[in-house]
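This report concerns only the one structure given below.
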Amino acid sequence: MKSFVAIAAVVAALAAVPALTHSNVVLNFLVVTLMIALAGQGWNILGGYGGQYSFGHAAFFGTGAYVTAILQVRYGVNAWVGFAASIAAGAVVGAIIGGLAFRAGLRSSYFALVTLAFAEVLRILASVTPITGAGVGILIKLDLRAQSFQFQSRAIFYLVILALVAVALVIARLLERSRFGAWLIAVRENEDAAMALGVDAFAVKLGAMVLSAAITAAAGCFYAQYFLFIDAAIGYGPWISIEALLTPIIGGVGTVFGALLGALVVKALGEGAKLITGDVPGLDLMIYGAVLVLVIRFAPRGLVGAVTDIYDYFRAAAQKPAAEAANG
Amino acid sequence: MPSPLILLSAVLNGLMTGAVYALVALGLTLIYGVLHIINFAHGALLSAALFAAFFAWQKLGLDPYIAAFVLAPVFFALGYALQRFIIGPASHGDDRNMLLVTLGLAVLIENALLYEFHADTRTVELAYGFRSIDLGFTFLAVSRVISFVAVFAVALVLWLIMSRTDTGKAIRAVAREKLGAELSGIDVAHIYAVTFGLGTACVAIAACLLIPNYYVNPSAGNAFVLIAFTIVVLGGMGSVPGALIGGLVIGVVESLGGFFFGESLGQVGIFLIFIAVLLVRPRGLFGANA
């Protein structure tokens, strides 16, 4: 119960931000950060809880973005219907890639490679097929009405993405408490042992992949609605595969708040660097790469893990004199 | 149906390109064979080596073929240091961490190059850059023939290192049975780093062979790496002859695919082969039975 209160508190604190500032810069920063946190939370379900490190979550992000854009622009479908279709399409792509990869028994390096390859195939296909706008991309028509999932005010966009992140946080927490989550973590820790105890590892990993893909697709769909533009390099580009795995790993892999914390830290670092040196291409990603290496080296459980360690250390230190006093 | 001579020339060109692919793949497969991880920083290191070869030519007037003899040891040292002081300690003994660290290094190196040199594309102009051999039905660029021969020379040297030296024996021992090797007094961390260094040296030589008729920019190496992944998977991860044959096969497939279906769809063909091999026969065509 305590953790649901924590989720509510964090979400409520973030929801108060538009009341404190109307700065478009701040809100824009937070919208993008939360969008990455959502994509990262998707990755975290499969990678963090399931131990299956995908290097190609762009496959789901791009699918989410393209499906809603194509439905709206080419078929005049309502944007909210498009949103639901995006999530469903992401789940289907996840089921296909996961089904093939897990059926073939691919783990570790092989799984990373095959997910990367699928994302690249989709990127190349999207950059040549007419329905995705080929090299030009797709522009969604500006229509600032709530029923077309577009809002005049950035604050509303912010609250929408915050609500989506809140749902993803609750999903992760429910997963932790569920039997399915326990199976998934068992598979992460030792797949063979889990199977020996009767866990259907294939089904568990596939389920996690589908859920993971659906969440990341929702982030992709939000991207399309927010920027009203999508092309192959954005949707299926390696940048989003990297950011989706970077955020939970930096924040705390396999934890409820890891992706959110990681996204805030990573994006703040990126923006901070831009403020200092100006917008030089490559700088933010350079920092992300360095932070990734440093975090794995010095805090392999991420910032959440590091904070927990420090907390435990001080609590143990505080209890020690008390215990000595009681014994003495 | 196009004339067989045109096809033959496409095949020959494919073999020339494929040889360089094979060299990049050789480095990758060597690292995989011993460390059992895919080095995702391979492409970024190739880009870095291309820049090094470019500046060696531009600033020092060093011919790329001579620069290869300088850059190979330099990149060996770089690879050794990366594994010994960054990747190894950061992995905490978990393969997944090692994957992530190489990915982090890839992002770091590629974007450091982008930050420093911007996205401009540079090329080297050599007096013999456009010289070619007339075969009667087609022309072959001299530089590509040189690189074809050089790749096999490098493969031979690697084979000699692996089969004739104590270090080579230690590398093979670690690849076969890490714990056993450690128990017989082999410094596994050192051998890992040596292997990583050898793989990185392969990349440096590949860069020097590529640069006479290729361009340099911060993401130039990436184009090769996914292809190298494909070759390594096709040839069987860790298999050296597999990497060589796989490289030539992929070079020809790409050349013919590009010829029949156009550049970008030719690339999709490579990825589809890649995915198919991974799913159907992940140990590759030449890999040992799992």
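The table below lists the values:
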quantity: Rounded to 10°, Cα long-axis angle of helix B:166-176 versus longest principal axis of chain B; calculated: 80
quantity: Residue exposure sequence - A:110, A:66 - by fewest surrounding Cβ within 10 Å; calculated: A:110, A:66
quantity: Mean Kyte hydropathy of 0.0 or more with a Cα span along the axis of at least 18 Å, helices from DSSP in chain A; calculated: A:2-15, A:24-43, A:58-75, A:79-103, A:108-126, A:154-177, A:201-227, A:238-251, A:258-277, A:283-298, A:302-327
quantity: Two-decimal log10 I(q)/I(0) for the stretch A:1-136, as the Debye equation yields it once each C-alpha is a single scatterer, q = 0.09, 0.11, 0.13, 0.17 Å⁻¹; calculated: -0.38, -0.56, -0.75, -1.08
quantity: Phi-based couplings in Hz for the stretch A:192-200 (Karplus 6.51, -1.76, 1.60; Gly and Pro marked x); calculated: 5, 5, 4, 5, 4, 8, x, 7, 7
quantity: All-pairs Cα distance distribution in chain A, expressed in whole percent, bin size 10 Å; calculated: 6, 25, 34, 23, 8, 3, 1, 0, 0
quantity: Estimated distance in nm for a label pair at residue A:310 and residue A:200, the labels positioned 7 Å out from Cα along Cα-to-Cβ; calculated: 4.5
quantity: For the stretch A:60-133 versus the stretch B:128-179, the gap between their alpha-carbon centres in whole angstrom; calculated: 39
quantity: FRET efficiency estimate (nearest 0.05) - Cβ-Cβ, residue A:318 to residue B:215, R0 41 angstrom; calculated: 0.10
quantity: Chain B: angle of helix B:263-280 to the longest principal axis, Cα-based, in degrees nearest 10; calculated: 30
quantity: The stretch B:21-36 - phi-based ³J(HN,Hα) in whole Hz, Karplus 6.51/-1.76/1.60, Gly and Pro as x; calculated: 3, 4, 5, 4, 5, 4, x, 5, 6, 4, 5, 4, x, 9, 8, 6
quantity: Whole-number D in µm²/s for the stretch B:19-153 (Stokes-Einstein; Kirkwood sum over Cα pairs; 10 °C, 1.306 mPa s); calculated: 94
quantity: Among A:57, A:127, A:89 the positive-end extreme of the charge dipole of chain A (Cβ point charges); calculated: A:89
quantity: Distance in nm between pseudo-label sites at residue A:227 and residue A:176 (7 Å out along the Cβ direction from Cα); calculated: 3.2
quantity: Simple spin-label estimate for residue B:165 and residue A:153 in nanometres, 7 Å along Cα-Cβ; calculated: 6.9
quantity: Chain B: calculated mean residue ellipticity at 222 nm from DSSP helix runs of at least 4, using -39500 (n - 2.57); calculated: -25000 deg cm²/dmol
quantity: Cβ-defined net charge surrounding residue B:189, 10 Å radius [Lys, Arg +1; Asp, Glu -1]; calculated: -1
quantity: In sequence order, calculated HN-Hα J values of the stretch A:228-236 (Karplus, 6.51, -1.76, 1.60; Hz; x Gly/Pro); calculated: 6, 8, 8, 9, 5, 5, 7, x, 10
quantity: Formal net charge of residues neighbouring residue A:149 (Cβ-Cβ distance under 13 Å; K, R +1; D, E -1); calculated: +1
quantity: Stokes-Einstein D in µm²/s, Kirkwood radius over Cα pairs - the protein assembly as shown at 37 °C with 0.692 mPa s viscosity; calculated: 128
quantity: Positive minus negative residues near residue B:224 (Lys, Arg vs Asp, Glu; Cβ under 14 Å); calculated: -3
quantity: Kirkwood Rh and Cα Rg combined as Rg/Rh, chain B; calculated: 0.97
quantity: C-alpha long axis of helix B:95-117 to longest principal axis of chain B, angle in °; calculated: 50
quantity: Rel. contact order, % - alpha carbon contacts under 8 angstrom, at least six apart, chain A; calculated: 31
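Read-outs: derived from the displayed coordinates by stated rules, not from any lab. Given the structure is predicted, the values throughout are model-derived calculations rather than measurements. Don't worry about glycine lacking a Cβ; one is built from the backbone with ideal geometry, like all the others, and counts go over all protein chains shown.
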